[in-house]
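What follows is a short report on a single structure.
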Amino acid sequence: MKIKPTRGFTLLEVMIALTIFAAIAMVVSGTTSQSTDTLLQLENKTIASWVAENRIAALRTVIPAPETGDSDDEVTMANRTWRLHTKVEKTQFNGVVRVTVSVAEENQPDYPLVSLVTILGNY
């Protein structure tokens, strides 16, 4: 009687293959997680820049130019609340002010995502 050669993988070969697969899966999972975090951060910065641009556009409609000083406000955009800090400073030119608008997430008001600066004046 002849013994047929067995087909298939040994336990050692299966364990090595599983180890390699697990290592690759961990790398892919880490990369995906990092990409998701980056995408979320980019989304937050984009919306924050829209909020800042909207505030500057609203200030451009104020005649005469806004009074100097600081102000804090909250705005809702994209179903989220954003904290705005607006700083209006005098410049060396009469009727011209420097405006800085900083936007932060509601839960982290001390860490602005975006700060935009513009010059406004009475034309």
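The values are calculated or read from the model by the stated rules, or taken from the named source; none is laboratory data. Worth saying up front: this structure is predicted, and the values here are computed from it rather than measured. Quick reminder, even Gly has a Cβ in these numbers, built from the backbone with ideal geometry, and neighbours come from all protein chains shown.
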Problem set entry | Hits in segment 48-58 (condition: over 8 Å from the mean Cα position of the chain (by Cα) and not polar (S, T, N, Q)) | Trp50, Val51, Ala52, Glu53, Arg55, Ile56, Ala57, Ala58
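Restricting the search to segment 76-110, which residues are of a type in the set (Val, Ile, Thr) and either assigned to a strand (DSSP E or B) or within 15 Å of Ser49 (Cα to Cα) (or both)?
Of segment 76-110, the ones of a type in the set (Val, Ile, Thr) are 76, 81, 86, 88, 91, 96-97, 99-101, 103.
Listed by number, the residues that qualify are Thr76, Thr81, Thr86, Val88, Val96, Val97, Val99, Thr100, Val101, Val103.
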Exercise. What are the residue pairs meeting all of these: first residue in segment 47-74, first residue closer than 12 Å to Thr118 by Cα, second residue among the charged types (D, E, K, R) and assigned to a strand (DSSP E or B), Cβ atoms under 9 Å, and 6 or more apart or on different chains?
Worked result: Arg55/Asp73
For this session: Just name the residue that is farthest from the chain's Cα centre (by Cα) out of those in segment 59-80 that are under 19 Å from Val103 (Cα atoms) and exposed (fewer than 10 other Cβ atoms within 10 Å of the Cβ).
Result: Gly69
Problem set entry | Every residue from segment 31-46 that is surrounded by fewer than 11 Cβ atoms within 10 Å (Cβ to Cβ) and in contact (Cβ under 8 Å) with a residue 24 or more places away in the chain | none
For this session: Please specify each residue of segment 111-121 satisfying the condition of being in a loop (DSSP other than H, G, I, E, B) and in contact (Cβ under 8 Å) with a residue 24 or more places away in the chain.
Result: Pro112, Leu113
For this session: Of the numbered conditions (1) closer than 21 Å to Ala104 by Cα; (2) of a type outside the set (Asp, Glu); (3) at pLDDT below 90, Leu42 fails exactly one; give the number of that condition.
Result: (3)
